[in-house]
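The values are calculated or read from the model by the stated rules, or taken from the named source; none is laboratory data. Just so you know, these numbers come straight off a predicted model, no measurement behind them. Note that each Cβ is placed from the backbone with ideal geometry, even for glycine, and that neighbours are counted across all protein chains shown.
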Amino acid sequence: MNQTTTPRLPLLDLIILLLAKWYLLVDAGNGVLLSFSGQSVPLSALYKSTLLLLLLAALLREQVRGLLWLMALVLLLLAGPFYSLLHSGNSSGFAYDAGMVLKLLSPLLAALYFFQFSKRSPELAKQALQQIFLFSFAILVLNMALGRLGFGFSAYLPNDYLPDLNLGTKGYFKATNELSALLLVLTGYLLALYWPVAKFKFVVVLVLSLFAASSMLTKTGMAGVLLLAFFIPLLQEKDSWWRYRKQLLWLPVLLMSAVLLLTWQWPVLLASSVGQKLQLVYQQQGLLGVLLSSRDQYALDNWNLSAVYFNDWHRLLGIGHTGLELYSSKALAEIDPVDLLLWFGIAGFGYFLCWFAVILKQSWLGYQQQPRGLAAGVLVLNMVLLLVATMAGHTLTSGMLWIPWGMLNGAVWLYSQNRQEQQP
């Protein structure tokens, strides 16, 4: 009697997938320790560093040449900041730059690993990816529920315009903007997974995602979730929109309802501290300032400071956080392409362009291979994250979303490779 046996994974793969599944719980645990002890313990950094080392060890089997190119890229990115270190002696700033380079390359390492893993064990990779995203989404939603109950940290710190300590919540996570981008990654995958096969689960994920986004009170979270929920089904049903014409007719009704609701709530919003801040920003910087949350001003200030204190050739190499923080009170403008250009010069800006060009191309090819599959969600997600990176930052420079985002793109690269192999 023949028995089918599930292929056993190598121990290294098992450890990597286990660490990837629980990393968000470690992030939340870090916040719990900070909340109760008042001390920041680098538990999450050690956990993710271990995972990165394991990914490098796994890639040594099949991607040796690629890793050599990555090492060359690291040296190129750090050339400018290292020159700033020699002149300023700002070792803490250079350590920040080195850590940021690791963050930049982490999504690529995760994508390369999961691409190879998907080639070796496609079914196991599919199961592992689903578990990672479901576990992470459940942890994020539970964390936001605890935040709504009064636990954890506020999303916005008190200042002259936001005196309310309870304005929004991020639960036990540290960075609100990074958490918003992570929510988009998790939501995009689950919406693309459930729309073709389980509409009820799609609605549940959408409701929970909107709950989490509204808890954080970020434009990134709320607008991004709505964009994903609209465009993912639209792409997956591109060949059969006519069957859903009745549902699509509800779209103008929903938009009109949203406008009426906003009009009804507008006086309440203007009377709040958030409304007062938005009015002040609008008066000073116009609509662009409201959309970018004054990040355009920080970017312009940092650019002008770099022009005053550094040579043009040094700026081409990048002055790094190492040099910029000596003259700027906020060396992080929170607009990814601007920050990467200032910190790492042409190499940093070029990496930003190449990364998004590659993942958009690969997800488009994967979408052509499987129009109703996962690639449709990844294509929409990557386009939304490109918009987020250029307006709100904390995407390529984030330490929270590289694990699921990188692995998700790595899985779709396999579809795109199949598409390319089928072309004459």
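Among the candidates L75, L55, L11, L68, single out the residue that is surrounded by 14 or more Cβ atoms within 10 Å (Cβ to Cβ) and either aromatic (F, W, Y) or at negative phi (or both).
L55
Quick check on this structure: which one of V274, V203 is in a helix (DSSP H, G or I), modelled with pLDDT under 85 and under 26 Å from the mean Cα position of the chain (by Cα)? Before the answer, list the steps.
On the way: V203 fails: modelled with pLDDT under 85.
Exactly one of V274, V203 is in a helix (DSSP H, G or I), modelled with pLDDT under 85 and under 26 Å from the mean Cα position of the chain (by Cα), namely V274.
What do you reckon, is G345 modelled with pLDDT of 90 or more, assigned to a helix (DSSP H, G or I) and at positive phi?
Against the criterion (modelled with pLDDT of 90 or more, assigned to a helix (DSSP H, G or I) and at positive phi), G345 qualifies.
Go over the candidates L248, L227 one by one and state the one that is within 23 Å of G406 (Cβ to Cβ) and either assigned to a helix (DSSP H, G or I) or modelled with pLDDT of 60 or more (or both).
Every option except L227 fails the conditions.
Would a scan of the range 44-51 turn up a residue that is more than 21 Å from the chain's Cα centre (by Cα), of a type outside the set (S, T, Y) and surrounded by 13 or more Cβ atoms within 10 Å (Cβ to Cβ)?
So far as the range 44-51 goes, no, none of its residues is more than 21 Å from the chain's Cα centre (by Cα), of a type outside the set (S, T, Y) and surrounded by 13 or more Cβ atoms within 10 Å (Cβ to Cβ).
When the range 361-390 is examined, which residues are found to be part of a helix (DSSP H, G or I) and more than 15 Å from the chain's Cα centre (by Cα)?
Scanning the range 361-390 gives K361, Q362, S363, W364, L365, G366, Y367, Q368, Q369, L374, A375, A376.
A quick yes/no check of all residues on (1) under 30 Å from L374 (Cβ atoms); (2) out of contact with any helix residue (DSSP H, G or I) (no Cβ under 9 Å at 6 or more places or on another chain); (3) part of a helix (DSSP H, G or I); (4) of a type in the set (F, W, Y):
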residue: L78; (1), (2), (3), (4): no, no, yes, no
residue: F94; (1), (2), (3), (4): no, no, yes, yes
residue: A98; (1), (2), (3), (4): no, no, yes, no
residue: L104; (1), (2), (3), (4): yes, no, yes, no
residue: L109; (1), (2), (3), (4): yes, no, yes, no
residue: F115; (1), (2), (3), (4): yes, no, yes, yes
residue: K119; (1), (2), (3), (4): yes, no, yes, no
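Please indicate, with yes or no, whether at least one residue in the range 175-186 is at pLDDT 90 or above, under 26 Å from E237 (Cα atoms) and touching a Gly at 6+ places or on another chain (Cβ under 6 Å).
yes
Given T395, T322, which one is crowded, with 22+ Cβ neighbours inside 10 Å, of a type outside the set (F, W, Y) and part of a helix (DSSP H, G or I)?
Working: T395 fails: part of a helix (DSSP H, G or I).
The match here is T322.
For G320, which of the numbered conditions (1) over 23 Å from I132 (Cα atoms); (2) under 19 Å from the mean Cα position of the chain (by Cα); (3) modelled with pLDDT of 90 or more; (4) of a type in the set (G, A, S) fails to hold?
Every condition holds for G320 apart from (2).
Listed here are the residues, each with its yes/no results for (1) small (G, A, S); (2) surrounded by 24 or more Cβ atoms within 10 Å (Cβ to Cβ).
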{"site": "F349", "(1), (2)": "no, no"}
{"site": "Q362", "(1), (2)": "no, yes"}
{"site": "Y367", "(1), (2)": "no, yes"}
{"site": "A375", "(1), (2)": "yes, yes"}
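Can you tell me which residue within the range 371-396, out of those that are under 21 Å from F114 (Cβ atoms) and of a type in the set (S, T, N, Q), is modelled with the highest pLDDT?
By that ranking, first place goes to N382.
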